[in-house]
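The values are calculated or read from the model by the stated rules, or taken from the named source; none is laboratory data. Source: prediction; values computed, not measured. In this analysis, Cβ positions are derived from the backbone assuming ideal geometry, glycine residues included, and neighbour counts consider all displayed protein chains. In case anyone asks, the SASA skips ligands and DNA or RNA and just uses the protein heavy atoms, side chains included. Shrake-Rupley method; radii C 1.70, N 1.55, O 1.52, S 1.80 Å.
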Amino acid sequence: MDKKRSKLRIVLITILLIAAAIWLFFSFAPSKLRDAVIKEASTWPVVRKIVAMSVQDDYEKKVMDGEFDENQVEVNRYVAKKLTGYTNIALFGLDSRNAEMNIGTHSDSIMVVSINNDTNAVRISSVYRDTMLKVTNPKGEVAYTKANQGFFRGGAEGALSMLNTNLDLNITDYVTINFSGLTEIIDSLGGLDIRITQQEKKYINFYLIETRKITGMKCEDVQEYGDVHLNGLQATAFCRIRYTPFYDGEGNKYSDDLGRTARQRFIISEIVEKIKKAGVSEALSLAQSVMDKNSKGTPFIKSSLSYDDIMDLIPTMIDYNIEDTTGFPFTLDTPTVHGESMVVAQGLSYNVQKLHEFLFDEKDYQVSDEVEEISNYIMDYTGLGEVRLKEDRPEEEAESEETAGEEPEGEEPEGEEP
């Protein structure tokens, strides 16, 4: 009996020593070393099973979209065989005012996130929500309309199909987030330090009026401009601004909806950088905190990614680097179509070529027959021909024309909400 008790003591002491060593390691080891250990451990079957015991059920109940049907997502035949070496995920920011996150909800923010599987470099392209694209609903009915109608008419499957068939992509996974979700994530990070103009301060406070009502959250107005600290709700309101220009770090100017999407990409980049500086263990803790607040009654984040997909992405998330961001289309006009102002690519085929060059470093990409057909239809219907970027035009033509790709600045209409 004494021998059994002695062995039990040894086992308990050993377990306590191991637990203490792990605690000391994660408390005091350099963040790079901790990240390297987590990166390696995430591939071990035994570690994945242990983590799954405490996380998987929670994730699948609260975040994973169990009704998502990948088989309903269309991919152009030519692309399905050709596009390899990258993990592509769609990010939809939903204008969800009553916790809706499926058909009947507009995706006011549409982003394509592309991860190079060899280098872990990340590139992000916004698709302007008013871009005229071919949208097909679950009944097979076709409309050439605004891109944000993809999610409204067909949910996640419809929105992914729209991106794939119009842009020659192969995306079968997505993440959706609404105003409350973005606010929760930024607040969990302790807010963001950014620089804003006096006009941006004014519009942040304007949008806060409605954003407070939508989320039910309380938040004070922004009092200063210049270098400021924004909490989650203030930063979310910043993402909605479209009536004053946005200047990126290189001094490029973006107006109207181009400015809004540039602000959204900027905030995403700031969030990513802050998470990266925090380290993986802190990031995982943050993810658990956000997930705990997500519920079926008031969901603010949903994804098609499974628990195993998330675990597979951990090594990438440790080494990731956002290389560049952009907006699509690159050359555009904003005519009135069907009584609405739309963003129309000046040559969808050409713009898809440029998108593949940006995302995948593929120069002289040859678009599929499906994209060529859509491009020809849009040109015939709108009367807008192909316009190329300055670097792709003959020198004499580039000198005589302004660079395309920026909408004229708009002014806030009387009595209309920005």
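Remarks
- Protection-proxy order for peptides 105-115, 368-378, each taking the mean of Cβ atoms within 10 Å per residue, highest first: 105-115, 368-378
- With the highest mean first, a sort of the peptides 215-226, 265-276 on other beta-carbon atoms found within 10 angstrom per residue produces 265-276, 215-226.
- Accessible carbon and sulfur surface of the stretch 176-302 relative to its total accessible area, %, 1.4 Å: 52
- Considering only alpha-carbon pairs that sit under 8 angstrom and 6 or more positions apart, the relative contact order computed for the stretch 185-293 is 28 percent.
- Residue 70 versus residue 369: modelled label distance in nm, points set 7 Å from Cα along the beta carbon direction: 2.7
- Using C-alpha pairs under 8 Å with a sequence gap of at least 6, the mean separation divided by the residue count of the stretch 126-206 gives a relative contact order of 18 percent.
- Value of relative contact order over the stretch 193-253, rounded to a whole percent, pairs C-alpha under 8 Å and six or more apart: 43
- Each other residue within a Cβ distance under 13 Å of residue 175 adds +1 if Lys or Arg and -1 if Asp or Glu, for a net charge of -2.
- Local electrostatic count, residue 377, Cβ distance below 13 Å [Lys/Arg +1, Asp/Glu -1]: -4
- Summed residue charge, Cβ within 12 Å of residue 350's Cβ, Lys/Arg positive, Asp/Glu negative: -2
- Projecting label points 7 angstrom from Cα along Cα→Cβ for residue 143 and residue 376 puts them 2.6 nm apart.
- From most to least packed by mean Cβ count within 10 Å, the peptides 342-350, 251-259 give 342-350, 251-259.
- If the segment from residue 392 to residue 247 were pulled out straight at 0.36 nm per residue, it would be longer than the present Cα-Cα gap by 49.8 nm.
- R0 of 56 Å, Cβ-Cβ distance residue 224-residue 313: FRET efficiency to nearest 0.05: 0.90
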